[in-house]
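Trainee: Mind looking over this structure? Questions follow.
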Amino acid sequence: MADFEILDSKYGSLVPSNSFLEKLWTGARWTEGPVFFADLDCLLFSDIPNNRMLRWSEGAPVTVFRSPSNNANGNTRDRQGRLVTCEHGTRRVTRTEPDGTVTVLADAYRGKRLNSPNDVVVKSDGSIWFSDPPYGILTDYEGHKSAQEQDRCYVFRLDPSTGTLAAVADDFERPNGLAFSPDESILYVSDTSHADRPGGPPHIRAFSVKDGKTLTGGRVFADMRQGRSDGFRLDTDGNIWTSAGAGVHCYTPAGDLVVRIPIPEAVSNVAFGGPKRNRLFITGFTSLYSIFLGVNGVQRP
Ligand code: MG
């Protein structure tokens, strides 16, 4: 039996018929934040409760990349290829320079500490967009239990050239995963509130990006009641590959669910990787998985 389900035969080419799910590694408590470095032929990902980031490379043992990681969660790369990381424990977003030094990009808004930055993407103009739910301050498990200082859980845009941090969305309960459409005209953002508050928003929303800096709209793009959308990435055709409970779902830009990939445990995030960006890496509860796809990921740089 195939390791995936094509729900509409028009989309059969999204996953090669002989592709299969691979379990690459296990041994974490809760993984998130996969990011691929084609130039270094490796994938970095976070193991949040174990306060470490790990490095996977084909055919090599998984090693510790950074420990302590300040309970790092989401990761991405900027236009220069530098690692950008959301840290729960220090409630900040950082950039790792080529020499390994760490630069703090954002840790406060309007004079108050951020909640616990969760997921991050970088736009082609270098601006850094991230979500700020409180998951890293609710308990000591994924960070440090602390009071929330922000009045809301914002989605932020950071201009790294000026250091200006602007709230671009303020009507989320638990903003979480986010990613741009291939042409960057749409920013998708998930709300995972329903995972800890019955009746909370369970969806991915789609915003129009105006002047490259602000958001308008925010229609519900996909209802994720059947499994939370913690994180997602897009392919070059604009399809959204998202975590969905114990599986990965693929939605077309029109919002139709067309592929389901069951995973043996809850999924957090996904990332495209491999030299051709046609391999989807999947961080699960305790393990790292991958599957080759028939499409290629949008990945910057
Ligand atoms: Mg997340």
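The values are calculated or read from the model by the stated rules, or taken from the named source; none is laboratory data. As the structure is a prediction and not an experimental result, all values here were calculated from the model. Methodologically, a virtual Cβ is constructed for each residue, glycine included, from the backbone with ideal geometry; neighbour enumeration extends over all protein chains shown. For the accessible areas, the whole protein counts, side chains as well, though only heavy atoms, and no ligand, DNA or RNA atoms are used. Shrake-Rupley method; radii C 1.70, N 1.55, O 1.52, S 1.80 Å.
Trainee: Being among the small types (Gly, Ala, Ser) and on the phi < 0 side of the Ramachandran plot is the filter here, so list the residues in the stretch 117-135 that pass it.
Mentor: Ser124, Ser127, Ser131, listed by residue number.
Trainee: For the subset of the stretch 168-221 comprising residues that are in contact with a Lys or Arg (Cβ under 9 Å, 6 or more places away or on another chain) and hydroxyl-bearing (Ser, Thr, Tyr), which member is surrounded by the most Cβ atoms within 10 Å (Cβ to Cβ)?
Mentor: Ser190
Trainee: Determine if the stretch 144-161 includes at least one residue that is closer than 19 Å to Leu83 by Cβ, within 16 Å of the ligand (Cβ to nearest atom) and open to solvent by less than 40 Å² (accessible area, probe 1.4 Å).
Mentor: Yes; the residues of the stretch 144-161 include at least one that is closer than 19 Å to Leu83 by Cβ, within 16 Å of the ligand (Cβ to nearest atom) and open to solvent by less than 40 Å² (accessible area, probe 1.4 Å).
Trainee: Is there a residue being more than 16 Å from the ligand (Cβ to nearest atom) and within 27 Å of Thr26 (Cβ to Cβ) anywhere in the stretch 100-123?
Mentor: Among the residues of the stretch 100-123, not one is more than 16 Å from the ligand (Cβ to nearest atom) and within 27 Å of Thr26 (Cβ to Cβ), which makes the answer no.
Trainee: Give the residues of the stretch 109-132 that are touching a residue at least 12 places away in the same chain (Cβ under 8 Å) and among the small types (Gly, Ala, Ser), sorted by residue number.
Mentor: If the condition is that a residue be touching a residue at least 12 places away in the same chain (Cβ under 8 Å) and among the small types (Gly, Ala, Ser), then Ser116, Ser124, Gly126, Ser127, Ser131 are the ones that fit.
Trainee: Could you check how many residues of the stretch 45-91 are within 16 Å of the ligand (Cβ to nearest atom), over 15 Å from the mean Cα position of the chain (by Cα) and either open to solvent by 20 Å² or more (accessible area, probe 1.4 Å) or among the charged types (D, E, K, R) (or both)?
Mentor: The qualifying residues number 3.
Trainee: Another question about this same structure. Would you point out the residue of the stretch 246-268, among those that are touching a helix residue (DSSP H, G or I) at 6+ places or on another chain (Cβ under 8 Å) and assigned to a strand (DSSP E or B), that is farthest from the ligand (Cβ to nearest atom)?
Mentor: Val258
Trainee: Name the pairs: first residue in the stretch 170-196 and within 10 Å of Ser131 (Cα to Cα), second residue away from the ligand (no atom under 16 Å from the Cβ), Cβ to Cβ under 7 Å, at least 6 apart or on different chains?
Mentor: Val189/Phe207
Trainee: Select from the stretch 123-137 the residues that are within 15 Å of Val168 (Cβ to Cβ) and open to solvent by 10 Å² or more (accessible area, probe 1.4 Å) and write down the one among them that is farthest from the chain's Cα centre (by Cα).
Mentor: Ranking the candidates gives Asp125 first.
Trainee: Inspect the stretch 42-52 for any residue being modelled with pLDDT under 95 and out of contact with any Leu (no Cβ under 8 Å at 6 or more places or on another chain) and give the result as yes or no.
Mentor: Checked the stretch 42-52: no residue is modelled with pLDDT under 95 and out of contact with any Leu (no Cβ under 8 Å at 6 or more places or on another chain).
Trainee: Do we have any residue at all in the stretch 1-8 that's away from the ligand (no atom under 16 Å from the Cβ), over 30 Å from Thr139 (Cα atoms) and free of Cβ contacts under 8 Å to residues at least 60 places away in the same chain?
Mentor: yes
Trainee: Is there a residue in the stretch 279-292 that is part of a loop (DSSP other than H, G, I, E, B), touching a strand residue (DSSP E or B) at 6+ places or on another chain (Cβ under 9 Å) and farther than 23 Å from Met53 by Cβ?
Mentor: no
Trainee: Here is a follow-up. What number goes with the only condition from (1) in contact (Cβ under 8 Å) with a residue 40 or more places away in the chain; (2) part of a strand (DSSP E or B); (3) surrounded by fewer than 22 Cβ atoms within 10 Å (Cβ to Cβ); (4) not aromatic (Phe, Trp, Tyr) that Val104 does not pass?
Mentor: (1)
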